[in-house]
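**Student:** Here it is: the structure, laid out below.
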Amino acid sequence: MDAALFLTQCLNGLQLGVLLFLLAAGLTLVFGIMDFVNLAHGSLYMLGAFFCATLTLKLGSFALAIVLTLPAMLGVGAIVEVTVVRRLYERSHLDQVLATFGLILVFDTLVQIIWGPEGLTFPVPEVLNGQVRILPGIDFPVYRLLIISVGLGVAGLLYLLISRTRIGMQIRAGASNRRMVSALGVDVAMLFTLVFAGGAALAGLAGLMIAPITEASVGMGNEILIVAFVVIIIGGIGSVQGAFLAALLVGLIDTLGRSLLDDVMKLFMSDQAAENAAPALSAMLIYILMAAILYFRPQGLFPPKIR
């Protein structure tokens, strides 16, 4: 693989990593602070894609659709937390898994009823539908660079929010010791609603950013949710910093593994055997990494600090 293709694949891995971070950030906070296993988080990713696709097709403006989709996802997250999730905090993880799996079925069915089973597609806006020259001989799609920029920008804003504001201090404290935060007079119910709604908005942002590249389809969040759980396990449950670094690591490993592994394996086996084995092994790489992290560092690479 030449240098140009390697750099392009690194950028593709970075794009996948920031999308995984947007999805995993809310998931790790909900899991870390509320001790709540939310399998329906991927459904919020799907709803963000469908909301944005619908508004873009109706209004003819992708930017306006984004502006309207994000508060809509905040509202959806708050409604789900107040009406369903709040009743499950004191229940076992098994009950939470069963209830949120039921939410997946409800959301998937509602999406099929409202939008149909075919899904929605819409093109990348014309102004973003091109390529930019990064280095001599290396062009990269403008829209994918926008995804990377938005993801990094959101990561920076989350860092400032969590490390430099009062609500961020409460979130960090809640991730470390929820009972102590409640004893100090913090409105834990409101904090939980804000965190869950914020996580829904981040998941919706990830969904609407990827929708022009793929499509808004029923169940689109179910598969990527598994990878998001891998990210938060590697990074450390409850750690936004860990989710960011782990998401970038997973994105690069997944992308480079799919593009490089067959060339590496051809050094040790026949071309046909390498081409047959490489796709399966590349799909396993992130799970092998997760297993190694669980064995050597069960709390994750960057667990939240406990005082």
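The values are calculated or read from the model by the stated rules, or taken from the named source; none is laboratory data. Note that this is a predicted model, so its numbers are computed, not measured. Virtual Cβ from ideal backbone geometry, glycine too; neighbours counted across all protein chains shown.
**Student:** When you check residue 4 against the structure, is it among the small types (Gly, Ala, Ser), under 30 Å from residue 136 (Cβ atoms) and over 17 Å from the mean Cα position of the chain (by Cα), yes or no?
**Tutor:** For residue 4, the condition - among the small types (Gly, Ala, Ser), under 30 Å from residue 136 (Cβ atoms) and over 17 Å from the mean Cα position of the chain (by Cα) - is met.
**Student:** Something else about it: Of everything in the stretch 61-72 that's of a type outside the set (Phe, Trp, Tyr) and farther than 22 Å from residue 26 by Cα, which residue is farthest from the chain's Cα centre (by Cα)?
**Tutor:** Among residues in the stretch 61-72 that are of a type outside the set (Phe, Trp, Tyr) and farther than 22 Å from residue 26 by Cα, the one farthest from the chain's Cα centre (by Cα) is 61.
**Student:** Something else about it: Consider residue 73 against the criteria (1) buried (at least 16 other Cβ atoms within 10 Å of the Cβ); (2) under 30 Å from residue 11 (Cα atoms); (3) at pLDDT below 95: it satisfies all of them except one. Which criterion is unmet?
**Tutor:** Tallying (1) buried (at least 16 other Cβ atoms within 10 Å of the Cβ); (2) under 30 Å from residue 11 (Cα atoms); (3) at pLDDT below 95, residue 73 fails exactly one: (3).
Yes/no per residue for (1) free of Cβ contacts under 8 Å to residues at least 24 places away in the same chain; (2) farther than 26 Å from residue 26 by Cα; (3) among the basic types (Lys, Arg):
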site	(1), (2), (3)
59	yes, yes, no
74	no, no, no
101	no, no, no
109	yes, no, no
122	no, yes, no
131	yes, yes, no
136	yes, yes, no
144	no, no, yes
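**Student:** Counting just the residues of the stretch 232-285 that are β-branched (Val, Ile, Thr) and in a helix (DSSP H, G or I), which one comes out surrounded by the fewest Cβ atoms within 10 Å (Cβ to Cβ)?
**Tutor:** 264
**Student:** Next question. Can you tell me which residues in the stretch 146-170 are surrounded by fewer than 14 Cβ atoms within 10 Å (Cβ to Cβ) and either in contact (Cβ under 8 Å) with a residue 60 or more places away in the chain or not in a helix (DSSP H, G or I) (or both)?
**Tutor:** Answer for the stretch 146-170, where residues must be surrounded by fewer than 14 Cβ atoms within 10 Å (Cβ to Cβ) and either in contact (Cβ under 8 Å) with a residue 60 or more places away in the chain or not in a helix (DSSP H, G or I) (or both): just 165.
**Student:** Restricting attention to the stretch 8-37, which residues are over 13 Å from the mean Cα position of the chain (by Cα), surrounded by 24 or more Cβ atoms within 10 Å (Cβ to Cβ) and modelled with pLDDT of 90 or more?
**Tutor:** Those that are over 13 Å from the mean Cα position of the chain (by Cα), surrounded by 24 or more Cβ atoms within 10 Å (Cβ to Cβ) and modelled with pLDDT of 90 or more: none in the stretch 8-37.
**Student:** Checking residue 97 against (1) under 17 Å from residue 218 (Cα atoms); (2) surrounded by 13 or more Cβ atoms within 10 Å (Cβ to Cβ); (3) at pLDDT 90 or above; (4) β-branched (Val, Ile, Thr), which single condition isn't satisfied?
**Tutor:** Of the numbered conditions (1) under 17 Å from residue 218 (Cα atoms); (2) surrounded by 13 or more Cβ atoms within 10 Å (Cβ to Cβ); (3) at pLDDT 90 or above; (4) β-branched (Val, Ile, Thr), the odd one out for residue 97 is (1).
**Student:** Next question, about the same structure. Looking at the stretch 84-143 only, could you name the residues that are of a type outside the set (Gly, Ala, Ser), within 30 Å of residue 38 (Cβ to Cβ) and assigned to a loop (DSSP other than H, G, I, E, B)?
**Tutor:** Answer for the stretch 84-143, where residues must be of a type outside the set (Gly, Ala, Ser), within 30 Å of residue 38 (Cβ to Cβ) and assigned to a loop (DSSP other than H, G, I, E, B): 84, 89, 90, 91, 117, 118, 121, 122.
**Student:** Then there is this: Could you grab the pairs with beta carbons closer than 9 Å, sequence gap of 6+ or different chains, first residue in the stretch 34-46 and of a type in the set (Phe, Trp, Tyr), second one outside any helix (DSSP H, G or I) and surrounded by fewer than 24 Cβ atoms within 10 Å (Cβ to Cβ)?
**Tutor:** 36/89
**Student:** Here is a follow-up. Going by the structure shown, is residue 79 over 15 Å from the mean Cα position of the chain (by Cα), part of a helix (DSSP H, G or I) and surrounded by fewer than 24 Cβ atoms within 10 Å (Cβ to Cβ)? Write out each step before concluding.
**Tutor:** On the way: over 15 Å from the mean Cα position of the chain (by Cα): yes; part of a helix (DSSP H, G or I): yes; surrounded by fewer than 24 Cβ atoms within 10 Å (Cβ to Cβ): yes.
Criteria met by residue 79.
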